[in-house]
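Before any comments, here is the structure.
The values are calculated or read from the model by the stated rules, or taken from the named source; none is laboratory data. Note that the structure is predicted; figures quoted are calculated from it, not measured. Cβ atoms come from the backbone with ideal geometry, glycine included; neighbour counts cover every protein chain shown. Please note that ligands, DNA and RNA were not included when accessible areas were found on the heavy atoms of the full protein model with its side chains. Shrake-Rupley method; radii C 1.70, N 1.55, O 1.52, S 1.80 Å.
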Amino acid sequence: MPHPTDPAASRAATRAKKTLLVKHADVVVTMDGARREIRDGGLYVEDNRIVAVGPTAELPASADDVLDLRGHLLLPGLVNTHHHMYQSLTRAVPGVQDAELFGWLSGLYKVWANLTPEMIEVSTLTAMAELLLSGCTTSSDHLYLYPNGSRLDDSIRAARAIGMRFHASRGSMSVGQKDGGLPPDSVVEREDAILADTQRLIETYHDEGRYAMLRVVVAPCSPFSVSRDLMRESAKLARHYGVSMHTHLAENVNDVAYSREKFGMTPAEYAEDLGWVGRDVWHAHCVQLDEHGIGLFARTGTGVAHCPCSNMRLASGIAPVGRMRRAGVPVGLGVDGSASNDGAQMVAEARQAMLLARVGFGPDAMTAREALELATLGGAQVLGRDDIGALAPGMAADFVAFDLRQPLFAGALHDPVAALVFCAPSQVALSVIDGKVVVRDGVLQTVELGPLVERHNRLAARLVEAAG
Ligand SMILES: [Zn+2]
């Protein structure tokens, strides 16, 4: 669209802005610099950005769309920093329900080898629907296998259809069983092909601008499924284009033992050696990050995606989130692949982060508000964004509201903000992303859920049956 050059055209452009007023929320959790919580508050949006946040009485009186949120809690859209959405086709698969990480992966690789582009697209849509309804407005996804012509483009199509803000991570595996790796040779790729496709994706899709709906991330799967060389080359490519980098690190004690045996280093030392530390890098899990690693991550601004449900499901341990945060490590939350969590519910993940921290480190290890901070501001910081994660003028219009009048919140309204985390996980009544209403009255507006879930279940059955 051409920029208006004369005052009349400029006024016309101003008039053409679409406005949205949200008012009378019982409490607005801003996550702004002062962590304000505003009673009887709301916000005012122009197009895709927030213009004003405050008590209802101080906001403009009208707008193109006005939403009355009496009885609701309003907060920034939650940010999911780690996921493998395709895995929502293989939840609760009987053979690996009780396996540890490496056994679990070995059991599922042969199933995932039969994935198709249609399965990637449909499972991404379903995973995003589940996330959206749980309050998530921005998600990363780590897709690291591309069998049968699958491409990251399949996930990107899904994100655009459903309207979610998306950090699409171009994962990869290159060390198959014949080279001493864990994955079967049929699901690994050649390293030159990985780098060429990653470059294509960045050049085709990556938007570095403020309020970007789509960013591409360079993301080899893990140090035990790609070579040292690919880790280094990936970092070079990412930094050439100024895009973020993501992988799995120090997930459990076996992971650390593998790193010591194979590379003669701890996972953190290995990451540093490869150039995989910095503000443009975030690692999933880091359950076994040692004191040296915490110091290194804090000094370099390297981020961590904390995935408490997955860590419990696979008995990987309890990540030292409190120590990381006190040291200054950016920490966000991740639901992780549905197959190692079986649920992609962001409020549940925040709740689990709080509960698990207490199991490990005592009842004051994490408050409800700290858990919400991880789920909003923390996630934004980990993804390298300063335009989401808080409600303030100039921020993206990404916010969600929960209906406090549900039975699950009854008797908890002494502190509605803490109630969201302490009580059973709720689904959203409203979700706005980039200024567009994506969930209204609890109903997803962009995709019809019934047929989607039916199609997803058909594909899931076909995928698991194909592996025998
Ligand atoms: Zn993962």
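List the helices (runs of 4 or more DSSP H) that sit entirely inside region 281-369 and contain at least 1 residues that are within 24 Å of Arg170 (Cβ to Cβ) and in contact (Cβ under 8 Å) with a residue 12 or more places away in the chain.
Details: elements: 291-300, 308-313, 321-327, 346-361.
Because the criterion is at least 1 residues that are within 24 Å of Arg170 (Cβ to Cβ) and in contact (Cβ under 8 Å) with a residue 12 or more places away in the chain, the helices (runs of 4 or more DSSP H) in region 281-369 that meet it are 291-300, 308-313, 346-361.
Of all residues in region 213-235, how many are among the charged types (D, E, K, R) and touching a Gly at 6+ places or on another chain (Cβ under 8 Å)?
Looking only at region 213-235, we keep the residues that are among the charged types (D, E, K, R), and these are 215, 228-229, 232-233.
Add one more test, that the residue is touching a Gly at 6+ places or on another chain (Cβ under 8 Å), and what stays is 232.
Residues in region 213-235 being among the charged types (D, E, K, R) and touching a Gly at 6+ places or on another chain (Cβ under 8 Å): 1 in total.
Out of region 218-253, which residues are polar (S, T, N, Q), within 21 Å of Gly337 (Cβ to Cβ) and more than 15 Å from the ligand (Cβ to nearest atom)?
Ser234, Ser244
Within region 438-468, how many residues are within 25 Å of Gly77 (Cβ to Cβ) and open to solvent by 70 Å² or more (accessible area, probe 1.4 Å)? It would help to see each step written out before you state the result.
Step one: filter region 438-468 for residues within 25 Å of Gly77 (Cβ to Cβ), giving 438-450, 452-453, 456.
Keeping just the survivors that are open to solvent by 70 Å² or more (accessible area, probe 1.4 Å) gives 440-441, 443, 445, 448.
Counting residues in region 438-468 that are within 25 Å of Gly77 (Cβ to Cβ) and open to solvent by 70 Å² or more (accessible area, probe 1.4 Å) gives 5.
Given the options Ala419, Ala401, Ala350, name the one that is open to solvent by less than 10 Å² (accessible area, probe 1.4 Å) and in the same structural domain as Leu101 (by the TED database). Lay out the reasoning, then the answer.
Working: Ala419 fails: in the same structural domain as Leu101 (by the TED database); Ala401 fails: in the same structural domain as Leu101 (by the TED database).
Being open to solvent by less than 10 Å² (accessible area, probe 1.4 Å) and in the same structural domain as Leu101 (by the TED database) holds for just one of Ala419, Ala401, Ala350, which is Ala350.
Sort through Ser139, Ser169, Ser174, Ser155 and tell me the only one that's assigned to a loop (DSSP other than H, G, I, E, B) and either surrounded by 22 or more Cβ atoms within 10 Å (Cβ to Cβ) or among the small types (Gly, Ala, Ser) (or both).
None of the others qualify; the one that does is Ser174.
Report the residue count in region 88-106 for those that are within 21 Å of Leu459 (Cβ to Cβ) and open to solvent by 20 Å² or more (accessible area, probe 1.4 Å).
The total comes to 6.
Counting only residues that are farther than 16 Å from Pro425 by Cα and within 16 Å of the chain's Cα centre (by Cα), how many does region 340-373 have?
Residues that pass the stated criteria total 2.
Scan region 317-347 residue by residue and report those that are open to solvent by 10 Å² or more (accessible area, probe 1.4 Å) and either modelled with pLDDT under 95 or within 16 Å of the ligand (Cβ to nearest atom) (or both).
Gly317, Asn341, Asp342, Gly343
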